[in-house]
Amino acid sequence: MKKETAWFKNKLIKLGKTWGCCTLVLFLCYAMLIMKHYSIDSYAEYWRTGYGQFFAQGRFVTGIFMQLLGAMGLNAVTLQPLFTMFFIAAAGLCAASIWLILRYYMAEKADSLWVKIGLWTAVFIMFVNVSLLEWLLFPELAFPFALALISSTGAALLMGVKSNVKSAAAAILLLTVAFGCYQICIEQYLILALLVVVVRHKLYFSKSLAVEMLWIIGTGGLAAGINVVIQKFSQSGLDTRSVSLSLETLLKNAQKVLKYQKQIWVDGYGLMQRGTVIGILCIVLAALLFFVIKGKLPVAKQVTVLVLLVAGYGAIWVPHMVTSDAWILPRTVVGVYWFIAMVLVLALYSGTYKFFEKILVILSVGFGLICAFNVQNTAASHIATNKLDAELARAAVLYIQEYETENSTQITKLAFCDDAILKPKYSSVVYQSYDINIPALNVTWGRTPLFNYVLGEERYTSAEMDATVYAQYFEGKNWNYFNPSEQIVFVGDTAYIAIY
C-alpha cells in the first residue's frame, strides 16, 4: 500500500511539474488575451437575457452555464479575464497529460533528447495555433471552451490507454459534456485517441488494435448521437444549423470541404505565411515515408500507419460533413494542427536515422515558432480592432448626443446600411480572416449592441433602414473615413447610419 501511495504521489508530482511548465508556455503565448477584448458576439452577449440559441445548437452545457451566470447576476463578458486564465490552465493540463502519455508509450524512443524536443513540439503545435486562438477570441465562451477541451482530451486519453466498456462509458459521459460545449472537439478526440492507441500497440496492426480503433470511433459516434438527440429536443422552432445525413447534404458538404483545402493548407486562411502549413505537412509526411521505407517497417506497421493517416485526416472533416450548413472557419479546423502533430509523432516513433530525425525536429520547431508568431500578431490585431471599434462607436454616440442636446430630443432607434464598398478590416490591421478581426460594425448583429456597450446602457434598439433616407443620403456613396455629418441622418427618434 505504501509503495502504491508513493507511486501515485510521484506521478502527481510529475504531472504537476509538467502542467506548470506547459501552462507557463501557453501563458506566454496567449497572455495578451487576458486583458479585456471582445468578439462581435461579446457585445450582444453583454445584454442578452435568453440563451436559447445555445440549446438549439446542441451546446446545452454552454446554455446551462450561461443561465447559471445570469441567475447569479454575473456577466460572462465582464468575467472574461478569469475565464481566459482558466482556459490557459486547462489547455496546459491537457498538453501535460498528452506529453506524459506519449512519452510513456514511446519510452524506448523518448530517451533521445531530439525525440523529446520533437514530442514537445508536437504538443506545442496542438495548442499554439491560429485555429485554437480563435476560440479565445470569443472570451465570453472561454470557460465552456475550456470544459470542451478538458473533456474531449480526457475521453481521448481514456480510450487510447484502454478501450473497453468501462472506458467507453466514462468517455461517452465526457464527450457528452465536450460536445455540449462545442461539437468541433470530435476532431481532437478522434485524432488523439487513435494516435495513443496506435503508439500503445507499437504500430503493429492486429485484430485487437482494429477492435480498439472501432471502439474509439463508435464511442465518439454514440456521444455525437446523444448530442443530436438533445439538439432536436432543444431547437424550439429556432432557425439554426442542425445535423443532416441526407445524400444531398453529404455531397454538398464534400464539395465545400474540397473547395476549402487550398485556403486551409496553402493560404493558411491568411493568418499563416503562405505555404507554411502545407510545407510542414509535406515535410513530416516525407519524413514518415522515408523512415517507413528505409527502416523497412513490417507490413503490419505499414498498414497501421496508412490506416491512421486516413482516419486522422478524415476526423478533421467529420463535423463539417454532417451539418446542414457547414461553416469551415479557422476555429472549426483545429484538427488540422492536431493532424500535423500526429504525423510528426508517427515519424518520430518510426525514425531510425538520427541525422534525419534532427533535421525533422529542427524544421518542426521552426514551424512551431511560426505558429506562435502568428498567434501573437493575430491577437495584437484583435486588440487593435477592438479599440478602433470602440473609438468609432464612441464618436458616433457623441455626435448623436450632441444632436439630442441641441434639439431637445432623444434618439432610441438605430438603422444601419453599408456604403458602396464595405471594407473587410481597418487599414492598420494586418491579420484578418472571416470572423477574426472583422470590424464589429460590419456585422448586422454587432452594431446596435456595440453602440449600447460604449454608451453604458441598453438604450438603442435596431430599426430597418428607410428606403427614402437611403436613396437620398447613402445610395452609391463610399467613405474612407468616418464623417458623421454625412454618414448619420436623424429622422424623428431614429438615427440612420452608413457604415464604411
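Quick note: the coordinates plus some simple rules give every number you see, no bench work behind them. The structure displayed is predicted, hence computed values, not measured ones. Every residue, glycine among them, receives a Cβ derived from its backbone with ideal geometry; neighbour counts consider all protein chains shown.
The alpha carbon centroids of the range 368-429 and the range 81-103 are separated by 33 Å. Among the chymotrypsin sites (Phe, Trp or Tyr not before Pro) within the range 142-189, not one is in coil by DSSP while having at most 13 neighbouring Cβ atoms inside 10 Å. For the chain, take the longest principal axis of its alpha carbons; what is the angle in degrees between that and the long axis of helix 354-407, to the nearest 10 within 0 to 90? Helix 354-407 sits at roughly 20 degrees to that axis. In the structure shown, the pairs Lys259/Lys477; Lys162/Lys354; Lys116/Lys262; Lys36/Lys259; Lys14/Lys162 are assessed against 29 Å; a Cα-Cα span above that value is assigned to Lys259/Lys477; Lys162/Lys354; Lys116/Lys262; Lys36/Lys259. Under a 5 Å amide H cut-off, with hydrogens placed 1.01 Å from N, Thr323 pairs with Ser244 among residues at least 5 apart or on other chains. Summary of the geometry: the range 136-192 and the range 264-311, compared by the centres of their Cα atoms, lie 25 Å apart.
For Arg459, no residue whose modelled amide H falls within less than 5 Å of its own remains once neighbours fewer than 5 places apart on the same chain are excluded. Values of log10 I(q)/I(0) for the range 381-499 across q = 0.18 Å⁻¹ run -0.95, by the Debye formula with one identical scatterer at each alpha carbon and no solvent. Based on the Stokes-Einstein relation at 25 °C and a viscosity of 0.890 mPa s, and on the Kirkwood radius from alpha carbon pairs, the range 1-137 is assigned a translational diffusion coefficient of 140 µm²/s. Think of it as helices only: each DSSP H run of n ≥ 4 in the chain is worth -39500 (n - 2.57), and spread over all residues that comes to -22000 deg cm²/dmol at 222 nm.
For the range 286-301, 3J(HN,Hα) computed residue by residue from phi via the Karplus equation (6.51, -1.76, 1.60; θ = phi - 60°) reads 5, 5, 4, 4, 4, 5, 5, 6, 5, x, 6, 4, x, 4, 4, 6 Hz, glycine and proline entered as x. The modelled label-to-label distance between Lys17 and Ala395, using points 7 Å beyond Cα along the C-beta direction, is 5.5 nm. Extension gain, Ile383 to Ser206, is 58.6 nm, computed as 0.36 nm per intervening residue step minus the present C-alpha separation. Averaging the sequence gap over all C-alpha pairs within less than 8 Å and six or more residues apart, then dividing by the number of residues, gives the chain a relative contact order of 18 percent. Its Cα gyration tensor gives the range 138-293 an equivalent ellipsoid. The semi-axes, each the square root of 5 times an eigenvalue, are 27, 25, 16 Å from largest down. On the principal axes of its alpha-carbon atoms, the range 2-380 has extents of 61, 52, 46 Å, going from largest to smallest. Remark: the chain carries a charge dipole of roughly 3140 debye about the Cα centre, counting +1 on each Lys and Arg Cβ and -1 on each Asp and Glu Cβ.
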